[in-house]
1. As a test, work out the antiparallel percent of DSSP beta bridges whose residues both lie in the chain, rounded to the nearest 5.
2. First compute the accessible area of the chain with a 1.4 Å probe, then give the percent of it belonging to carbon and sulfur atoms.
3. Taking the Kirkwood radius as the inverse of the mean 1/r across Cα pairs, report the Rg/Rh of the range 82-135.
4. Find how many whole Å separate the alpha carbon centroid of the range 55-79 from the alpha carbon centroid of the range 138-202.
5. Which order do peptides 466-474, 289-297 fall in by mean Cβ count within 10 Å, highest first?
6. Return the long-range amide H neighbours of Thr258 (sequence gap of 5 or more, or a different chain), with a cut-off of under 5 Å between placed amide H atoms.
7. Might you report the magnitude of the Cβ-based charge dipole of the range 100-157 about its Cα centre, with Lys and Arg at +1 and Asp and Glu at -1, to the nearest 20 debye?
8. Under the rule of at least 5 residues apart or a separate chain, name every residue whose amide H is placed under 5 Å from the amide H of Thr204.
Amino acid sequence: MKKVYKFLSVFLASSLMLTGCIGGGKDKSNSSATEDLGLKDVSFPLKEKVTLQFMTQSSALAPKDPNEKLIYKRLEEQTGVHIKWKNYTKDQFIEKRNLALASGELPDAIMDAAFSDYDLLKYAKDGTIIPVEDLIEKYMPNFQKVLEQAPEYESLITAPDGHIYGFPWIEELGSGKHRIQVVDCLPWINVEWLNKLGLKMPTTTEELKEVLIAFKTKDPNGNGKADEIPLSFMVNHGAEDPASLFAAFGLGDNWDHTVVTNDGKVVFTAAEEGYKEALKFMHELNELGLIDVEAYEQDWDKYVAKGKDQKYGLYFTWDKANVSGMNDKYDIMPPLAGPSGEVNVAQTNGFGLDRGRMVITSANKNLELTAKWIDKMYEPLQSVQNNWGTYGDTKQQNIFELDKTAGMLKHLPLKGTAPVELREKTSIGGPLAILDEYYGKYTTKPDDAAWRLDLLEEYYVPHIKAENFYPPVFFSLEDTEEKAKIETDLFEYVNRKRTEWMKNGNIDKEWNEYLKELDRLGLKTWLQIKQDGYDRTVKK
């Protein structure tokens, strides 16, 4: 188990022995749903073209008809399978998908399905989607090979009832504390302004405050106007939230307000004293006029527009190329020491696995054909293209060149293009699997990913005190429902108070009532569900 968070190895080994090989030793109560009424003994390319009905989502930057993407054109040539798509933009997809599932007007399969664990279990229970472990065993050698190379994933995609209901997206880029998702909301500071004002990179929260004051008052952009924005973010918005600053005051924070201590205790960060102190610091910055007045309500487009104009002194995101551009004007700000003098970094509970990336519905009458088509998604060179984009496109910028001799896709320079934009135009989202051993064999690491990993390794990983992170636990339907029910009100309340306290203060006065409200909203039950899930997954 050398690749995926190593602390799971004991559990996963025992779990695999219990569940056996794919399809073996599992509850077959739903197996009749996989009866195949369609084509038999399928081999590609088909002698006569067959059409399957799929639903998917894509970026507004991508073609409305997915078949215009070069990846899908090649797949149709290779397989003889024509996909008739119902494609929706990402902002519409969940609503349209749920309407189709509720109406019973089902496609054969849903690709890039965005199925949560709750969705998988709910729609499996009512028979809308089917279990697929038998299909994997019979028809999917590429996917089986992935599971042989990285056997931990079989346990991770298997539901508590013993079935597999979705085909996953797997993307490895490092493991454990060294994985690329270990911190998402990185702070990017305007070093051009630092240099112009003769300032050093801040190393403490107090030094950061002084730097931001200088950005506000000393006209670092040199236009004679007080139009600089010392600090900006998108509150409660993943990688754009300022959560990475919070670890200077204690355990830190992340998008799901969950950290795991070194003794295996699951902690809700938003009830910790350090969280309160971090919010007091953010309010102080706000009172000094150092925070963007739009930080509490701006959308992505507005955030990026100001970033591209280099209006920020400090901002947060996954990769600066997507906001201020891949240039030398901004650089990563190392983690800061807080009032105690300690430097800490909280892990993000990010992990390169999406269990519900593709599902097959009960309307599908060509299960063998569909399974074999999906299995092509797990060919290494195909998975690489699914994830990032393709090569040899004469109509637009390519992400790769194909080295035919080496059988390898090599990333091309981005030439200033934001990586997320090129990816959304050309990739297809998955399912797919990219294992760590593929790099250097089937593909190169993307320049932006390799660069980000190096930054994390140099500046952030050495300061991560907690060895553990919260893994992708597959909860039962009952626990999933209870957890989701609690989270709806709990997270809304926490995130609302987070914004209020940053803007208006009063946290000391309101803190005890806040803690009581967390208990009323079910925090203790939520923590118990999370702790039990962690213990089942890690400590067996």
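The values are calculated or read from the model by the stated rules, or taken from the named source; none is laboratory data. What you are looking at is a predicted structure, and each value in this text was computed from that prediction instead of being measured. Every residue, glycine among them, receives a Cβ derived from its backbone with ideal geometry; neighbour counts consider all protein chains shown. Ligands, DNA and RNA are excluded from the accessible area calculation, which covers all protein heavy atoms including side chains. Shrake-Rupley method; radii C 1.70, N 1.55, O 1.52, S 1.80 Å.
1. Looking only at bridges with both residues in the chain, the antiparallel portion is about 50 percent.
2. Numbers: 11360 of 23010 Å².
C and S atoms contribute 49 percent here.
3. 0.95
4. Cα centres, the range 138-202 to the range 55-79: 25 Å.
5. Those peptides, ordered most packed to least, come out 466-474, 289-297.
6. Thr269
7. Taking the Cα centre of the range 100-157 as origin, the dipole is about 40 debye.
8. Ala337
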